[in-house]
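The next block holds one structure in the form of structure tokens; read it before the comments.
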Amino acid sequence: MPPRLKPPTLSQWGCLHHWQVRHTTRLPGPWPAKHRNYRCTRCGLALVTEERPAVPWTEHDLLALVRALLPPGQPVYLRDLGFTTFPLYGLNALLEPQGFFIHAAKVRDPKRFVTCTDRTGRGEPFGLFELRPITQGL
């Protein structure tokens, strides 16, 4: 439960605040965001801030980058493009609300292996990747 914040008193308005961070809470989501609780050591005024990174891109920009890398319906060997690791689980989580996912298939040739991270951060080798709409199924 968030703390109750009271409006500042007249003396608190005139205080030259000396802020102390009392608590930081991470917010869920793919981007690092936090709630920070501050309290002035001089007058006792409390406030909460929300910090989110100011990024000049959106999820649609991510989809455009993925489409440039993996044209829809065309399987691609990412190792041939210089990739040795790939955040497959994280990208699929960001692409799902837009109706797409990256399908990864195993290959036999170890020269084409790309280590993909799963939900727990462990790696698994895949070789062939394809951008597909979710309606097409897994």
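With respect to Leu62, determine if the residue is surrounded by 15 or more Cβ atoms within 10 Å (Cβ to Cβ), farther than 19 Å from Val107 by Cβ and in contact (Cβ under 8 Å) with a residue 40 or more places away in the chain. Answer is no for this residue. Checked against the criteria, Lys34 counts as in the same structural domain as His17 (by TED's automatic domain parsing) and either more than 14 Å from the chain's Cα centre (by Cα) or not in a loop (DSSP other than H, G, I, E, B) (or both).
For segment 11-31, filtered to residues that are closer than 30 Å to Ala93 by Cα and assigned to a loop (DSSP other than H, G, I, E, B), the residue that is modelled with the highest pLDDT is Pro28. The listed residues are Leu47, Leu70, Leu81, Leu91, and the only one of them that is more than 16 Å from Leu128 (Cα to Cα) and of a type outside the set (Asp, Glu) turns out to be Leu47.
Conditions (1) of a type in the set (Phe, Trp, Tyr); (2) in the same structural domain as Thr115 (by TED's automatic domain parsing); (3) under 30 Å from Val107 (Cα atoms); (4) out of contact with any Lys or Arg (no Cβ under 8 Å at 6 or more places or on another chain), marked per residue:
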{"site": "Thr24", "(1), (2), (3), (4)": "no, no, no, no"}
{"site": "Leu45", "(1), (2), (3), (4)": "no, no, no, no"}
{"site": "Asp80", "(1), (2), (3), (4)": "no, yes, yes, no"}
{"site": "Phe83", "(1), (2), (3), (4)": "yes, yes, yes, yes"}
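Residues in segment 103-126 that are in contact with an Asp or Glu (Cβ under 7 Å, 6 or more places away or on another chain) and closer than 17 Å to Val66 by Cα were compared, and the one that is modelled with the lowest pLDDT is Cys116.
The values are calculated or read from the model by the stated rules, or taken from the named source; none is laboratory data. This structure is a prediction, so every number in the text was calculated from the model and none was measured. Glycine gets a Cβ as well: all are built from the backbone with ideal geometry, and neighbour counts include every protein chain shown.
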